[in-house]
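A.B. asks: The following block contains the structure, expressed as structure tokens.
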Amino acid sequence: DTGVSQNPRHKITKRGQNVTFRCDPISEHNRLYWYRQTLGQGPEFLTYFQNEAQLEKSRLLSDRFSAERPKGSFSTLEIQRTEQGDSAMYLCASSPGQGLYEQYFGPGTRLTVT
Amino acid sequence: GIQVEQSPPDLILQEGANSTLRCNFSDSVNNLQWFHQNPWGQLINLFYIPSGTKQNGRLSATTVATERYSLLYISSSQTTDSGVYFCAVAAGTSYDKVIFGPGTSLSVIP
């Protein structure tokens, strides 16, 4: 078991560009979560999937953000027309589901929008 | 929504000292986790503890659900314990939408 992995680990982009992040959960975990963390704050929930179904989205997830988990395995988070306020650490977590809710986090993708 | 508070916000310890970190929450919870975020940003699971007491080496945690708080004990602290400690809770029918507290920043000095 290699844990939750995220790519890329760092991304620098110019304002207005689109970016996409990938998360590979622990194998056989059917729940996958995305969080955003800014400096000095705790992570904030963005959205989560059970298998390929996106079950909840936070108000933080504006129209410029979209997440997918097409085959119930890896997930992508895309941000369109990035803004400087999108600069943050984007964290992915997974949990087994089926009554087991402990979440395991990946190393995160740090986004800097210049 | 549920509110989560952590205290103290910052803590400096001499290596070998013991400490207690506290997490208060405003409503009944069905999911509570403690995490350690290391200086590289990785969140490491410490405990999944919606109620009761657990121990893992020098760390232990107690959640008193009826009184809406959880405690994390660190004994014989080491420099590698430095980082930010978060508690995260979920309430109601949603076990998945966890809300993180603001964290306790711990520095252990030699």
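A.B. asks: Please specify each residue of region A:61-81 satisfying the condition of being in contact (Cβ under 8 Å) with a residue 40 or more places away in the chain, surrounded by 13 or more Cβ atoms within 10 Å (Cβ to Cβ) and under 24 Å from residue A:112 (Cβ atoms).
C.D. replies: A:74, A:75, A:76, A:77, A:78, A:79, A:80
A.B. asks: Looking at (1) more than 14 Å from chain A (Cβ to nearest Cβ); (2) assigned to a strand (DSSP E or B); (3) among the hydrophobic types (A, V, I, L, M, F, W, C), find the lone condition where residue B:17 falls short.
C.D. replies: (2) is the only condition that residue B:17 fails.
A.B. asks: So, one more: I need the full set of residues from region A:92-106 which are under 18 Å from residue B:100 (Cβ atoms) and out of contact with any Cys (no Cβ under 9 Å at 6 or more places or on another chain), in order please.
C.D. replies: Listed by number, the residues that qualify are A:95, A:101, A:102, A:103, A:104.
A.B. asks: Can residue A:101 be described as buried (at least 22 other Cβ atoms within 10 Å of the Cβ), within 14 Å of chain B (Cβ to nearest Cβ) and not small (Gly, Ala, Ser)?
C.D. replies: Against the criterion (buried (at least 22 other Cβ atoms within 10 Å of the Cβ), within 14 Å of chain B (Cβ to nearest Cβ) and not small (Gly, Ala, Ser)), residue A:101 does not qualify.
A.B. asks: Filter region A:24-44 for residues that are assigned to a strand (DSSP E or B), touching a Lys or Arg at 6+ places or on another chain (Cβ under 9 Å) and in contact (Cβ under 8 Å) with a residue 24 or more places away in the chain and give the result. Break it down into steps so the answer makes sense when it comes.
C.D. replies: Taking region A:24-44 and keeping what is assigned to a strand (DSSP E or B), we get A:24, A:31-37, A:44.
Restricting the remaining residues to those that are touching a Lys or Arg at 6+ places or on another chain (Cβ under 9 Å) gives A:32-33, A:44.
Passing the criteria: A:32, A:33.
A.B. asks: The conditions are (1) farther than 25 Å from residue A:4 by Cα; (2) β-branched (Val, Ile, Thr); (3) more than 14 Å from chain A (Cβ to nearest Cβ), and residue B:2 fails exactly one of them. Which is it?
C.D. replies: With (1) farther than 25 Å from residue A:4 by Cα; (2) β-branched (Val, Ile, Thr); (3) more than 14 Å from chain A (Cβ to nearest Cβ) applied to residue B:2, the lone miss is (3).
A.B. asks: Now for a different question. I'd like the full set of residues that are in a strand (DSSP E or B) and within 14 Å of another protein chain (Cβ to nearest Cβ), limited to region A:68-96.
C.D. replies: First, the residues of region A:68-96 that are in a strand (DSSP E or B): A:68, A:75-79, A:88-95.
If the condition is that a residue be in a strand (DSSP E or B) and within 14 Å of another protein chain (Cβ to nearest Cβ), then A:88, A:89, A:90, A:91, A:92, A:93, A:94, A:95 are the ones that fit.
A.B. asks: Quick check on my filter: what residues within region B:96-110 are in contact with a Leu (Cβ under 9 Å, 6 or more places away or on another chain) and outside any strand (DSSP E or B)?
C.D. replies: Within region B:96-110, B:96, B:98 qualify.
A.B. asks: Return the only residue of B:18, B:24, B:56 being under 30 Å from residue A:55 (Cα atoms) and of a type outside the set (Val, Ile, Thr).
C.D. replies: B:24
A.B. asks: Identify, by number, the condition in (1) at pLDDT below 95; (2) loosely packed, with under 14 Cβ neighbours inside 10 Å that residue A:57 doesn't meet.
C.D. replies: Only one criterion in (1) at pLDDT below 95; (2) loosely packed, with under 14 Cβ neighbours inside 10 Å is unmet by residue A:57, namely (2).
A.B. asks: Shifting gears a bit: Looking at the structure I just gave you, is residue A:27 at pLDDT below 95 and exposed (fewer than 14 other Cβ atoms within 10 Å of the Cβ)? Write out each step before concluding.
C.D. replies: Numbers: at pLDDT below 95: yes; exposed (fewer than 14 other Cβ atoms within 10 Å of the Cβ): yes.
Criteria met by residue A:27.
A.B. asks: Name the pairs: first residue in region A:45-60 and more than 9 Å from chain B (Cβ to nearest Cβ) and charged (D, E, K, R), second residue buried (at least 16 other Cβ atoms within 10 Å of the Cβ) and not in a strand (DSSP E or B), Cβ to Cβ under 8 Å, at least 6 apart or on different chains?
C.D. replies: Note: pairs meeting the criteria are A:52/A:69.
A.B. asks: Go through region B:52-95 and report how many residues are assigned to a loop (DSSP other than H, G, I, E, B) and touching a residue at least 24 places away in the same chain (Cβ under 8 Å).
C.D. replies: Number of matching residues: 9.
A.B. asks: Moving on to the next point. In region B:40-75, what residues are within 14 Å of another protein chain (Cβ to nearest Cβ), surrounded by fewer than 16 Cβ atoms within 10 Å (Cβ to Cβ) and touching a Ser or Thr at 6+ places or on another chain (Cβ under 7 Å)?
C.D. replies: B:51, B:54
A.B. asks: From A:100, A:111, A:91, which residue is closer than 14 Å to residue A:8 by Cα, out of contact with any helix residue (DSSP H, G or I) (no Cβ under 7 Å at 6 or more places or on another chain) and aliphatic (A, V, I, L, M)? Outline the logic, then answer.
C.D. replies: Values: A:100 fails: closer than 14 Å to residue A:8 by Cα; A:111 fails: out of contact with any helix residue (DSSP H, G or I) (no Cβ under 7 Å at 6 or more places or on another chain).
When all the criteria are applied, what remains is A:91.
A.B. asks: Which residues, taken from region B:20-39, are surrounded by fewer than 18 Cβ atoms within 10 Å (Cβ to Cβ) and within 11 Å of chain A (Cβ to nearest Cβ)?
C.D. replies: Within region B:20-39, B:30, B:38 meet the criteria.
The values are calculated or read from the model by the stated rules, or taken from the named source; none is laboratory data. All values reported here derive from a predicted model rather than from experimental measurement. A quick note on method: Cβ atoms are made from the backbone with ideal geometry, for glycine too, and the neighbour counts reach across all protein chains shown.
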